Amino acid sequence: MRRLSLAFGLAAFLAFLPSSLAQDVAPEPGESFVRARVMEIVREERSDAGGMERTLQQVRLRLLDGAEKGEEILLENAVIGDREGMRLGAGETVVARMLVKVDGSVEYVAAERYRLPGMGMLLVFFLILTVIFGRLTGLRSLLGLAVSILILVFYVVPFIARGSNPVLVSLVGSVAIACTSLFLAHGFTRRTSVAFLSTAVTLACSVVLAFVFVRVARLFGMGSEEALFLQGGGFGNVDLRGLLLGGIIIGTLGVLDDITTAQTAAVDEVHKANPALGRAALLRAGFSVGREHIASLINTLALAYAGASLPLLLLFTADVGQPLWVTLNSEFLAEEIIRTLVGSSALLLAVPISTWFAVGLLGRKRA
């Protein structure tokens, strides 16, 4: 859920970027992006090359940004196969890549559909649901989400980009996110303090687990194309293995605070319902609730990682000439397996840690 919330929050950050960021000066050699509206499909031709259908569209666009705002241009848009995502229609808005050559000539290419307005409406829908069903707690959660995004955007990402230790930066950022999100969402209470303490201790354990698991699996953080792009895109000073560890830590936090908060609340409610229960009985009750929570969360964590990597998993299965053990041995798949194992192990540790802290700090008999 935290991953989904962060995705919505980042969508909001992008959706409401000021339009003044568009290029309003004469273009210089290089690459930039502008919005454009499809005014007309001038021509559309279809052909069949090697059993693959190919459609070539000639499209007339009106530029909505940049120095040439208001002007209309013609460009060609190629659609390979039955890829509706690349087929343009009159009236829609697209993102056009403007390539300015050294001789001053300009070439436009349709890069993407313009999705930010639609994403903004979905964000508003999400906010309305949060307010309706969460009420004041939901509003506080949204505030915590906003702070979490600010920490990621203005602390974690910039410091890692400057060459700082990704593990240390991710750990500090995760603790800050856990602190702000928990206390803003649940208030400054003893229960929340115990949940935060449990989260911090379990997070420290997950750092150790991540180091050990990544070392044993001999991973170097080069299991994705994004890592290679970073190395060749001016981020050669970034430690890819540390970046992998930092990503595992932040990803683990996404589900960790759920179980520590729920476990602490369960122990506290059982104690309030029956203050006469001894610590041993309270521990048994807490572990009983925790085991049920673990069963669902581990499955959720594994499916979240699998869903995010589904296209590449399909590519692996399509390579019938490659043995299964070679596929499992690949660094890309090994990284996803290790992420799941570290996150699941942290969840398993979170139950006894949060239960012990809750029983010790909240389960004392009141006079």
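The values are calculated or read from the model by the stated rules, or taken from the named source; none is laboratory data. Not measured: the values here are computed from a predicted model. Note that each Cβ is placed from the backbone with ideal geometry, even for glycine, and that neighbours are counted across all protein chains shown.
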Report summary line: Scanning the range 174-193 residue by residue, those not in a helix (DSSP H, G or I) and not aromatic (Phe, Trp, Tyr) turn out to be Gly187, Thr189
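Give Ala110, Ala195 a once-over and let me know the one that is over 20 Å from the mean Cα position of the chain (by Cα) and assigned by TED's automatic domain parsing to the domain that holds Val79. Give the derivation first.
On the way: Ala195 fails: assigned by TED's automatic domain parsing to the domain that holds Val79.
Ala110 is the lone residue from the list that is over 20 Å from the mean Cα position of the chain (by Cα) and assigned by TED's automatic domain parsing to the domain that holds Val79.
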**Report entry** Tabulated pairs, the range 120-144, first under 21 Å from Gly254 (Cα atoms), second surrounded by fewer than 16 Cβ atoms within 10 Å (Cβ to Cβ) and at pLDDT 90 or above, C-beta under 7 angstrom, 6+ apart or interchain
**Finding:** Leu142/Leu127
Query raised in the report: Quick one: Ile151 ticks every box in (1) crowded, with 17+ Cβ neighbours inside 10 Å; (2) assigned to a strand (DSSP E or B) bar one, so which box is it?
Result: (2)
Query - Which listed residue, of Asp103, Asp65, is surrounded by 14 or more Cβ atoms within 10 Å (Cβ to Cβ) and part of a loop (DSSP other than H, G, I, E, B) - result: Asp65
Query raised in the report: If you check Ala90, Ala96, which single one turns out to be outside any strand (DSSP E or B) and within 19 Å of Met39 (Cβ to Cβ)?
Result: Ala90
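What number of residues within the range 121-131 are out of contact with any Phe, Trp or Tyr (no Cβ under 7 Å at 6 or more places or on another chain) and modelled with pLDDT of 90 or more? Don't jump to the end; show me each part of the working.
Step one: filter the range 121-131 for residues out of contact with any Phe, Trp or Tyr (no Cβ under 7 Å at 6 or more places or on another chain), giving 121-122, 124-125, 127-131.
Keeping just the survivors that are modelled with pLDDT of 90 or more gives 121-122, 124-125, 127-129.
Total satisfying the criteria: 7.
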Query raised in the report: Considering only the range 301-322, how many residues are in contact with a helix residue (DSSP H, G or I) (Cβ under 9 Å, 6 or more places away or on another chain) and either of a type in the set (Val, Ile, Thr) or modelled with pLDDT of 75 or more (or both)?
Result: 1
Query raised in the report: Within the range 59-89, which residues are at pLDDT 85 or above and over 31 Å from the mean Cα position of the chain (by Cα)?
Result: Val59, Arg60, Leu61, Arg62, Leu63, Lys69, Gly70, Glu71, Glu72, Ile73, Leu74
Query - Near pairs, Cβ below 8 angstrom, 6+ apart or cross-chain, from the range 80-100 (under 13 Å from Glu53 (Cα atoms)) to any residue that is loosely packed, with under 11 Cβ neighbours inside 10 Å and at pLDDT below 80 - result: Ile80/Met52; Gly81/Met52
Report task. Quick one: which residue in Glu31, Glu53 is touching a strand residue (DSSP E or B) at 6+ places or on another chain (Cβ under 8 Å) and either among the hydroxyl-bearing types (Ser, Thr, Tyr) or modelled with pLDDT under 80 (or both)? Result -> Glu53
Query raised in the report: Are any residues in the range 269-297 within 30 Å of Ile149 (Cβ to Cβ) and either loosely packed, with under 14 Cβ neighbours inside 10 Å or at pLDDT 85 or above (or both), and if so, which ones?
Result: Ser296
